[in-house]
1. Cross-link candidates for K136: which aspartates and glutamates have Cα within less than 15 Å, leaving aside residues fewer than 8 places away along the same chain?
2. At q = 0.18 Å⁻¹, work out log10 I(q)/I(0) for segment 133-243 with the Debye formula, treating every Cα as an identical point scatterer and leaving solvent out; two decimals please.
3. Taking the mean number of other Cβ atoms within 10 Å as a proxy for protection, how do you rank 301-313, 355-367 from highest to lowest?
4. What is the ratio of the Cα radius of gyration of the chain to 2.2 N^0.38 Å, where N is its residue count, to two decimals?
5. If contacts are Cα pairs under 8 angstrom and at least 6 residues apart, what is the relative contact order of segment 1-160 in percent?
6. Want the number for S79 to E255: 0.36 nm per residue separation, take away the alpha-carbon distance, what's left?
7. Which of the aspartates and glutamates could a cross-linker span from K5 if the Cα-Cα distance has to be under 18 Å and same-chain partners fewer than 8 positions apart are dropped?
8. In nm, to one decimal, how far is the modelled label at L269 from the one at N336, with both set 7 Å along Cα→Cβ?
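The values are calculated or read from the model by the stated rules, or taken from the named source; none is laboratory data. This is a predicted model, so every value here is computed, not measured. Please note: Cβ atoms are built from the backbone with ideal geometry, for glycine as well, and neighbour counts cover all protein chains shown. Areas reflect the complete protein model, heavy atoms only, side chains present, ligands, DNA and RNA absent. Shrake-Rupley method; radii C 1.70, N 1.55, O 1.52, S 1.80 Å.
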Amino acid sequence: MMNRKILGIVFSNMHDNTMGSLTMERTMASIPYGGRYRLIDFTLSSLVNSGIHDVGIIAKNNYQSLMDHLGSGKEWDLSRKNGGLCVLPPYSRSGSGVYKGRLEALSGILHYIKSFKGDYVVMTDCDTVAVVDYQKMLQFHEAKNADITVFYKSKDITKEQRNNTTLLQMDEDGRVRDVLMDTGDKSGNAFLDKILIRKDLLERIVMDAASHNKVSFTREVLQNQKDTLRIFGYEFNGYLADIKSVAAYYHCSMELLNPTVRAELFQPLRPVYTRVRDEVPVKYGIKAVAKNSMIADGCVIQGTVENSIIFRGVKISKGAVVKNSIIMQGAIVGENANLDCVILDRNVILRDGRTLIGCESYPICIEKGAVI
């Protein structure tokens, strides 16, 4: 069972429309996270650490930064003569190049799926940050003699995510008996867009969808075929960041300042891989202050940084105070500026003396390259 060959399929853009300016010029998969990573790093690392070395990434639009980050896939041990990493360009039945749903996206890469010599396919989005062992999921799948196994977590659902979350109802054996979309419930068994399925079954589903013009895997398969297919829910009990909004991105990023969360997410035996960039160490000025923050290499800190995440190459000038904020790569915070509950995207320039103050439930997000 442990030698089953699995194909990984990653959807890079599925939740772009919920992320505001963070996905204006990039995909969901390439959103920076945790000071030196991208969201896709956690997805790819879980696949590779589970022994999955054939991975296709379905692109949709704005994927130049994603391709720049992935390169040949060497950092994830996916640069191979046979198999390895493959970025799949957008395709749709309408010919517009922009697919409408998961089934239409899969229809566009059906030849890629058919060419894979293996038994199973794992499909996943990039909106969750967690350490996932897909071999354990496969063991569960085969023990239940399941047709499809879906990944879920019992959790509270924030207000802004209630109309963008699918809930599962299961019997005592774990078989999915109902799939509820856009319920507005405050808690439940949230489907986390990770699916394990037999390759031959997926091929049949995709071909049927193409002939009947079906586009949504959740609605057309999980919801409408729950009584004819053996669909089981696989519960995840570890730490998981569910990122489907800017507020959720901010909240989950701030959780990384908790040592317990970092210990669970960054495990020595299941490392998180990313593109390696050689940078000089952080340079701190004489009057610099840094408290409870993650500060990446290449930064120059001359002001005060508290409870914040600072990416590579950021400059915090003299007298500047940055609290409870996320400052992405290459941003410059001018002298005597004041930031609290703010997300500065890449290469933002904040002039001297500027003040930006948001709140934890509604952080201010400044788009990439802006000058304020």
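1. Partners within reach: E235.
2. Taken in order of the listed q values, log10 I(q)/I(0) reads -0.93.
3. In decreasing order of mean packing, 301-313, 355-367 become 301-313, 355-367.
4. Normalised Cα radius of gyration, the chain: 1.02.
5. 31 percent
6. Contour length minus Cα-Cα distance gives 60.1 nm.
7. D54, D77, D119, D133, E142, D147, D200, E203
8. 5.5 nm
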